[in-house]
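Readers should treat all values here as calculations from the given coordinates under stated rules, not as data from a laboratory. This one's a predicted model, so the numbers in the text were calculated from it and none came from an experiment. Backbone-built Cβ (ideal geometry, glycine too); neighbour counts: all protein chains shown.
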Amino acid sequence: MISGPLITAERAVAMASEAVFLDARARPGAREAFEQSHALGALYVDLETDLSEVGDPRQGGRHPLPPLDAWLHRVGSWGVATSTPVLIYDADDGGMAAARAWWMFHAIGHKPLAVVDGGWAALQRAGIPTERGEARVPTGARYATSVREWPTVDADFVESVRNDSSWRLIDARAPGRYAGEVEPIDPVAGHIPGALNLYWRSQVDEAGKLIDRTALRSRYEALLGDIGPERAVCYCGSGVTACHLLLAMEACGMPGAQLYVGSWSEWCRTRGGAI
């Protein structure tokens with residue numbers, strides 16, 4: 001039984017025989033690390049080729065979403081049906097790709113779904129059965145859903161709400177990048193004017209697990225004030241770590257926030273507005 005967007009490693013191990021595990025490790029060398037050891041039966045999920053597609057960063061950012069139909073075929077090829085429990089892990093506190101995969105499943109209405117709290121390290125400590133070998137992909141039918149488009153917002157929408165007091169725009173990047181003090185990836189430093197900052201890594205403890213839910217909820221309540229979470233728009237550099245904010249909000253009982261997938265990588269190339 002999966003009761004929320006996060007699952008303990010111990011519970012994930014107990015579900016090993018019934019769930020599909022997705023290994024979303026995304027750092028350089030992640031595929032080689034997968035081949036050295038991964039959860040028994042796990043499928044490798046590539047941030048660059050499964051969870052995004054190559055595109056013009058001026059249109060969709062550095063990690064644009066794949067076409068929805070392509071995603072539905074990919075999910076089906078993993079052997080995932082609407083009733084299949086899906087458990088996702090990475091090695092970066094959930095933020096680099098596990099949360100992105102979670103959001104993409106969540107967006108198509110998949111319910112038995114969770115990110116492993118603490119990720120790969122926690123699974124190893126909990127005694128997850130492992131194996132070596134290359135990634136393999138089972139065959140299956142296209143995932144069935146009534147969803148017809150990605151539930152995201154675009155730059156025009158962000159422009160229309162970024163100074164609207166009834167909305168909140170939240171930047172998930174490190175404070176230095178938000179402040180424009182450093183920019184290691186994109187051509188312009190700064191943030192979208194009107195945005196607030198909540199660094200996604202501040203949501204996890206030293207073990208890579210989500211911090212106390214009550215404390216986390218208090219942070220979001222302070223940011224939102226009397227605004228409902230469905231009127232929050234989250235972004236980051238390229239629409240990946242912003243998904244960790246959406247995951248955390250869901251976990252502390254504040255669902256419904258929006259994702260601006262183009263994020264700063266798209267905005268800074270087309271709108272400027274650096275602060």
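If the viscosity is 0.692 mPa s and the temperature 37 °C, what Stokes-Einstein diffusion coefficient in µm²/s follows for the chain when Rh is the Kirkwood radius over Cα pairs?
The diffusion coefficient I find is 174 µm²/s.
Looking at segment 152-270 only, what percent of DSSP beta bridges run antiparallel? Nearest 5 please.
DSSP beta bridges in segment 152-270 are roughly 10 percent antiparallel.
Based on the alpha-carbon gyration tensor of segment 152-270 and its eigenvalue square roots a ≥ b ≥ c, which shape applies: rounded if a/c is under 1.5, prolate if not and a/b is larger than b/c, or oblate?
It comes out oblate by the Cα gyration axes.
Would you calculate the convex hull of the Cα atoms in segment 18-108 and tell me its volume per residue in Å³?
Spread over its residues, the Cα hull of segment 18-108 gives 100 Å³ apiece.
Can you grab the distance from the C-alpha centre of segment 52-92 to the C-alpha centre of segment 18-36, Å, no decimals?
15
Kindly rank 219-228, 177-186 from highest to lowest mean number of other beta carbons found within 10 Å of each residue.
177-186, 219-228
Report for the chain the percent antiparallel among DSSP-assigned beta bridges with both residues inside it, nearest 5.
Bridges in the chain that DSSP calls antiparallel: roughly 10 percent.
Among 229-236, 61-68, how do they line up from the highest to the lowest mean number of other beta-carbon atoms within 10 Å?
The densest-packed peptide leads the list: 229-236, 61-68.
State the Cα centre-to-centre distance between segment 106-121 and segment 151-183 in whole Å.
25
Just order 257-267, 157-167, 100-110 by mean Cβ neighbour count inside 10 Å, highest at the front, would you?
257-267, 100-110, 157-167
Ignoring everything except DSSP H segments at least 4 long, calculate the 222 nm mean residue ellipticity for the chain; use -39,500 (n - 2.57) per segment, divide by total residues, nearest 500.
-8000 deg cm²/dmol
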